[in-house]
1. I'm trying to understand the selection: among the residues of the stretch 1-31, which are aromatic (Phe, Trp, Tyr), without any contact (Cβ under 8 Å) to a residue 40 or more places away in the chain and assigned to a helix (DSSP H, G or I)?
2. Looking only at residues that are under 21 Å from Leu7 (Cβ atoms) and more than 13 Å from the chain's Cα centre (by Cα) in the stretch 41-88, which one is modelled with the lowest pLDDT?
3. Among the numbered conditions (1) in contact (Cβ under 8 Å) with a residue 12 or more places away in the chain; (2) farther than 17 Å from Gly10 by Cα; (3) not in a loop (DSSP other than H, G, I, E, B), tell me where Asp52 comes up short.
4. Within the stretch 55-95, restricting attention to residues that are more than 20 Å from Asn16 (Cβ to Cβ), in contact with a Leu (Cβ under 8 Å, 6 or more places away or on another chain) and of a type in the set (A, V, I, L, M, F, W, C), which residue is surrounded by the most Cβ atoms within 10 Å (Cβ to Cβ)?
5. Determine which single condition Leu91 fails, assuming it passes every other condition in (1) out of contact with any Cys (no Cβ under 7 Å at 6 or more places or on another chain); (2) at pLDDT 85 or above.
6. Do we find a residue being out of contact with any His (no Cβ under 9 Å at 6 or more places or on another chain), free of Cβ contacts under 8 Å to residues at least 12 places away in the same chain, outside any helix (DSSP H, G or I) and surrounded by fewer than 17 Cβ atoms within 10 Å (Cβ to Cβ) anywhere in the stretch 32-47?
7. Taking the stretch 57-112 as the region of interest, how many residues are basic (Lys, Arg), more than 13 Å from Phe33 (Cα to Cα) and assigned to a helix (DSSP H, G or I)?
Amino acid sequence: MKNSFILIGGLLLLINTVTCLIFQDYEVYKMLFADLSIVITTSILYLLYKLDNADGFKIGLTVVFAITGLIRFFCAVLSINQFENNFGLLLFIIILSIESIMLFISKILRNK
């Protein structure tokens, strides 16, 4: 299962990069931001299965992290090219923080 996450993440990364090269309206900033989102989502899902968590946490959090990763991807694609007043970037960071907290809590609950 862990290897399939890496394979799918790499394939999505390749598709996103090729899309940027084909469409001129898809800016490089957005492509890099979306690539970062794909890499983070792939890494979190890989880490979820690498950690010693209960199977229920793995299944539930896989669905949650996939959905939040998709939301982060759309935040990256729809964001503006500046850091000031960039609500897409703010939402990206908030979702990433929530994912990290959820992963940490699942690890703590497993140890109890």
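1. Answer for the stretch 1-31, where residues must be aromatic (Phe, Trp, Tyr), without any contact (Cβ under 8 Å) to a residue 40 or more places away in the chain and assigned to a helix (DSSP H, G or I): there is none.
2. The extreme case among them is Leu51.
3. (3)
4. Within the stretch 55-95, the match that is surrounded by the most Cβ atoms within 10 Å (Cβ to Cβ) is Leu61.
5. Single failed check for Leu91: (1).
6. Checked against the condition, which is being out of contact with any His (no Cβ under 9 Å at 6 or more places or on another chain), free of Cβ contacts under 8 Å to residues at least 12 places away in the same chain, outside any helix (DSSP H, G or I) and surrounded by fewer than 17 Cβ atoms within 10 Å (Cβ to Cβ), the stretch 32-47 yields no hits at all.
7. So in the stretch 57-112, the residues basic (Lys, Arg) come out as 58, 72, 107, 110, 112.
Pick out the ones that are also more than 13 Å from Phe33 (Cα to Cα) and you get 58, 107, 110, 112.
Imposing the further condition that a residue be assigned to a helix (DSSP H, G or I) reduces the set to 58, 107, 110.
Number satisfying all stated conditions: 3.
The values are calculated or read from the model by the stated rules, or taken from the named source; none is laboratory data. Not measured: the values here are computed from a predicted model. Every residue, glycine as well, gets a Cβ built from its backbone with ideal geometry; the counts of neighbours run over all protein chains shown.
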